[in-house]
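Values in this text are rule-based calculations from the coordinates and carry no lab data. If you're wondering where the values come from, they're calculated on a predicted model, not measured in any experiment. Cβ coordinates were reconstructed from backbone atoms using ideal geometry, including for glycine residues, and neighbour counts include every protein chain displayed.
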4 protein chains.
Amino acid sequence: MTDRVYETALGSSTKDKITLLGQDLAEDVMGTVGFGELAFWLATQRRPSTGETRVFEAVLAALADHGFTPTAIVTRLTYLSAPDSVQGALAAGLLGGGSRFLGVTEDCGRFLHDVLATAETPTDEAGWDALALDTVEKTKAAKKFVPGLGHHVHKDGDPRTRRLFEIADEEGLRGPHLELFAAIGRVHPRVLGKTLPLNGAGVCGAALADLGLPLELLRGFALLARTAGLVGQLAEELRHPVANDVFLSVDLNNRPVPPDPQR
Amino acid sequence: MTDRVYETALGSSTKDKITLLGQDLAEDVMGTVGFGELAFWLATQRRPSTGETRVFEAVLAALADHGFTPTAIVTRLTYLSAPDSVQGALAAGLLGGGSRFLGVTEDCGRFLHDVLATAETPTDEAGWDALALDTVEKTKAAKKFVPGLGHHVHKDGDPRTRRLFEIADEEGLRGPHLELFAAIGRVHPRVLGKTLPLNGAGVCGAALADLGLPLELLRGFALLARTAGLVGQLAEELRHPVANDVFLSVDLNNRPVPPDPQR
Amino acid sequence: MTDRVYETALGSSTKDKITLLGQDLAEDVMGTVGFGELAFWLATQRRPSTGETRVFEAVLAALADHGFTPTAIVTRLTYLSAPDSVQGALAAGLLGGGSRFLGVTEDCGRFLHDVLATAETPTDEAGWDALALDTVEKTKAAKKFVPGLGHHVHKDGDPRTRRLFEIADEEGLRGPHLELFAAIGRVHPRVLGKTLPLNGAGVCGAALADLGLPLELLRGFALLARTAGLVGQLAEELRHPVANDVFLSVDLNNRPVPPDPQR
Amino acid sequence: MTDRVYETALGSSTKDKITLLGQDLAEDVMGTVGFGELAFWLATQRRPSTGETRVFEAVLAALADHGFTPTAIVTRLTYLSAPDSVQGALAAGLLGGGSRFLGVTEDCGRFLHDVLATAETPTDEAGWDALALDTVEKTKAAKKFVPGLGHHVHKDGDPRTRRLFEIADEEGLRGPHLELFAAIGRVHPRVLGKTLPLNGAGVCGAALADLGLPLELLRGFALLARTAGLVGQLAEELRHPVANDVFLSVDLNNRPVPPDPQR
């Protein structure tokens, strides 16, 4: 192992200079590059355009906080229990960012990508609709769900979805993933017999995939957005605490029952 | 517990609208509010000015990635071991954000705040120098270190420090924490007998405190910045993996020794 | 939500008594129930027999520590970086307990269970061999691997495997999962054309499944065993630290390269 | 770094043999060493006596599960949100094992150790009482609390405390930490003017310290015990889920309020 070197284009430093992504951190990044722009750059190793940054930051805004989700409750309860460790409270909250509550973004991006990888790219709306129809039919036949379709609250349309399409259009960044997702929104009632909304988590996955971000990490961007939200949850907890009441609402209403040894 | 309600000014939603911080998320936040700006807003519940956002994002850029730190190595190794869980890899990396490697930012902000809380605010440089001199003397007498003073690599000055002062000055945001920190940089050689650099982590803590961000969460902002860095580390690991080589460099060089039962 | 109560058979307490699993904790558990026995009882809500406890503890011993695994390195590096948070160091290590390094135990238990769920239980060795042959053939035809088969070091046999079968036999606890796993060991060369060892992680999954432990949590028992191992790693790190050398071996051998913006 | 080797007395393996703590894992540990005994051995690198194992396992039993604590709720909520990652659910729960809910064990062990380190060891009960009296007086004068004193539920005595003293006495293992803790129980009313119970978490810390376990890791043993409890919580959640109801009890009772921008 003697000659092993570990290459990286991320941070490095010498006595007088700190380099990040090939840039002089102090002179060319600090004060010049916004945080969303930097996060994009770190993940792709290329600097995004202004339009790409705007779409990316719109996605992060859409995913940053959804109120008292399990992840928010977990972060507050962990801080209650271990106030000495802010990192533990944030990490605990992020660990809820799995398949059910934060996974749709990644699932949707991957789903659309897989369809596009094996299809010829349509050139007009009729072509997109045909591809979408085929996609929804095959998914239904396989007894699976189309990720990003449906929302338990926003049954008549998720306001984030319409807005993100609008922003992408303004920036000329509606790519094939968003096109296919939009077409699924148009044609799925013909197959499923009911109209479901395209949800916000799903459209975010489509937009991130169109931006060329790595599919394996789409969940990672949802988690980055959520980190900002969880810091906000902790800040609110510091001033207007609720975690102890949540804890007591469970603990004081516990009812001991006998063990239940059946598997 | 029957009537307990949980109040929050963060995310909430109705069938047709999603609200965040009292704003309409889709119409007034997405596409309009940058990610750094939003993170500041979430943490303080007030919208920052353009200048505040610029200083804040400069701090986040300064802290986002420092190359192969323990946190970066941990995230890469955890992803190697459990590639099914991006959230686990990010959370594991953040858990290294404790007292030693990411704690200086918080320690420095708190230290300066504590001094300012019990002193009359100086009105000129001589006044700041006098307060700083008193502070360094008392800290030395208590056999403690001034947080933010010294750096094992940038011995002649941390380039982030000079730059962050510059940005704060450009935005008219050099507040009392930065003033005191600067004065410590001027006067400490008189007490300590040697000249140490004001380090980047420390100046970031001073700047965050001047922005009015909650002191208890200064580490949280370092962790937010680092989350973007860790996503970048994972993206690089996906394309140019090093984690398995790191693992093998340890495992293949292990040498079994007998147990050592002394306490 | 006013009348919601949360039922549990686990811990509860009144002013004078603490109950756990329907037992008086102080009088009937402390000093009487071993830790492995208790962990089994907590997971199944039934008290294991002496033989079941012995097999279960043998599994935990087999999985407790494997030296400088990624999880061990992660725990040590996290402790180096955040020594204020033992819980963070342990949690970070456990987060590596995913599909690749700790997942075989769960994968193998589930695999065997799925086969058994759709087959008639054989009554003699010839019957087990036939079922195993069919299983290996189908798995190969599906271009998948049989979990628990093969080991990169113990190519001629994993010593834990032989021993765990022996212990299970001594206690009369070789159930259908272990039987099927043993048969796979006998017949797979006929299908695969080479002889692979039944590995220790796999046999542990088979044994845990035979004990009636919940399949969804087989990974949880591997993690419980590993928690004891990680405490041991931290104890050794306290006395004979290596984490800083591991960190430096990476950081000092880093080589900055230009960004690589291709996806 | 070329010649660096990493020494360890924990796990290692060759093609035919796995070694743990200098023992042959398969032949001398599996089926022979109980899980509590092994955890002790891993942490101290010496094999405990039967009596030491019994006291140690009594401590682990006392700390394994306390019902719907924040850590238990966090593990259940994280599993609800990310059922694909058992390791994440367990890690999230452990992250609540900080200063407030699991820290007393470590705090108490360290407190007693610090007193003993600077005092001559008493030889009779009167001597212990004098040392305890001095300790409680000094602690009160410093406006601090004696760790391990007081319990919000078991006001007339924590049943675990009496029992752990009993077990330690049966095994001849009441050492100086337990002696001092018992004496604090006898004399503190003279200083504090009221009688507080010696709590279970505290006596566990005293017992662990008497066993010679590393003080820096006393919290680690509480976390090991709790890992078994959290696996039990997950097993119960699988069969009798409550996490979704906990989540809804918060989310459905949320009340949006305007932002509150004061610091």
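Look at the Cα gyration tensor of the stretch C:92-146: its axes a ≥ b ≥ c give a/c of at least 1.5 with a/b over b/c, and that counts as prolate. With N counted as the residues of the stretch C:123-169, its alpha-carbon radius of gyration over 2.2 N^0.38 Å works out to 1.39.
Considering only the Cα atoms of the stretch B:62-102, their convex hull presents on average a projected area of 2.8 nm².
Take the Cα of A:ARG4, step 7 Å toward its Cβ, do the same at A:LEU248, and the gap between the two points is 5.4 nm. Each Lys and Arg adds +1 at its Cβ and each Asp and Glu adds -1 at its Cβ; summed about the Cα centre, chain D shows a dipole of about 960 debye. Ordering C:130-136, D:85-91, D:166-172 by mean Cβ neighbour count within 10 Å, with the highest value first, yields D:85-91, C:130-136, D:166-172. Radius of gyration (Cα atoms) of the stretch B:1-75, expressed as a multiple of 2.2 N^0.38 Å: 1.49.
The mean number of Cβ atoms from other chains found within 10 Å of a Cβ in peptide D:51-64 is 5, as a whole number. The calculated 222 nm mean residue ellipticity attributable to helices in the protein assembly as shown amounts to -18000 deg cm²/dmol, summing -39500 (n - 2.57) over DSSP H runs of n ≥ 4 and dividing by all residues. Which shape class applies to the stretch D:104-215: rounded if a/c is under 1.5, otherwise prolate when a/b exceeds b/c and oblate if not, where a ≥ b ≥ c are the square roots of the Cα gyration tensor eigenvalues? Verdict is rounded for the stretch D:104-215. The charge dipole of the stretch B:89-226, taken about its Cα centre with unit charges on the Cβ atoms of Lys, Arg (+1), Asp and Glu (-1) only, comes to about 780 debye. Between C:ARG239 and A:ASP169, the FRET efficiency estimated from the beta carbon spacing at R0 = 60 angstrom works out to 0.45. On the basis of the beta-carbon distance and an R0 of 56 Å, B:VAL153 and C:ASP124 show a calculated FRET efficiency of 0.20. Remark: mean inter-chain Cβ contacts per residue of D:194-200 equal 1, using a 10 Å Cβ-Cβ cutoff to other protein chain atoms.
With a threshold of 23 Å on the Cα-Cα distance, the over-threshold entries among A:LYS194/B:LYS15; C:LYS144/D:LYS17; C:LYS17/D:LYS143; C:LYS143/C:LYS194; A:LYS144/C:LYS140; C:LYS144/C:LYS194 are C:LYS144/D:LYS17; C:LYS17/D:LYS143; A:LYS144/C:LYS140. Helices meeting the span-like rule in chain A (full DSSP H runs, Cα extent of at least 30 Å along the helix axis, mean Kyte-Doolittle score of 0.0 or higher): A:218-239. Please compute, over every Cα-Cα pair in the protein assembly as shown, the percentage with a separation greater than 49 angstrom. Tail of P(r) above 49 Å: 25 percent of Cα pairs. Taking θ as phi - 60° and the Karplus parameters 6.51, -1.76 and 1.60, the scalar couplings of the stretch B:14-29 work out to 10, 4, 10, 8, 10, 10, 9, 6, x, 9, 6, 4, 5, 7, 10, 10 Hz in sequence order, x denoting glycine and proline. Treating r as the C-beta distance of C:ARG100 and C:ALA142 and R0 as 30 Å, the FRET efficiency rounds to 0.90. Using only the Cα atoms of chain A, build the gyration tensor, take square roots of its eigenvalues as a ≥ b ≥ c, and label the shape rounded, prolate or oblate: rounded if a/c is under 1.5, else prolate if a/b is larger than b/c, else oblate. Here chain A falls in the oblate category.
Among the trypsin sites (Lys or Arg not before Pro) within the stretch B:64-163, those in coil by DSSP and having at most 15 neighbouring Cβ atoms inside 10 Å are B:ARG100, B:LYS143, B:LYS144, B:LYS155.
When the charge dipole of chain D is built from unit charges on Cβ atoms (+1 for Lys and Arg, -1 for Asp and Glu) and taken about the Cα centre, the candidate among D:GLY193, D:MET30, D:THR135 whose Cα reaches farthest toward its positive end is D:GLY193. About its Cα centre, the dipole of the stretch B:211-263 is roughly 140 debye, where the only charges are +1 on Lys and Arg Cβ and -1 on Asp and Glu Cβ. So, counting K/R as plus one and D/E as minus one, what does the shell of residues with Cβ under 9 Å around C:ARG54 add up to? That sum, taken over residues with Cβ under 9 Å, equals -4.
Less than 5 angstrom separates the built amide H of C:ILE18 from those of C:LEU25, C:ALA26, all sequence-distant by 5 or more or on a different chain. Neighbouring Cβ atoms from other chains, within 10 Å of the Cβ of residues in D:147-157, number 2 on average.
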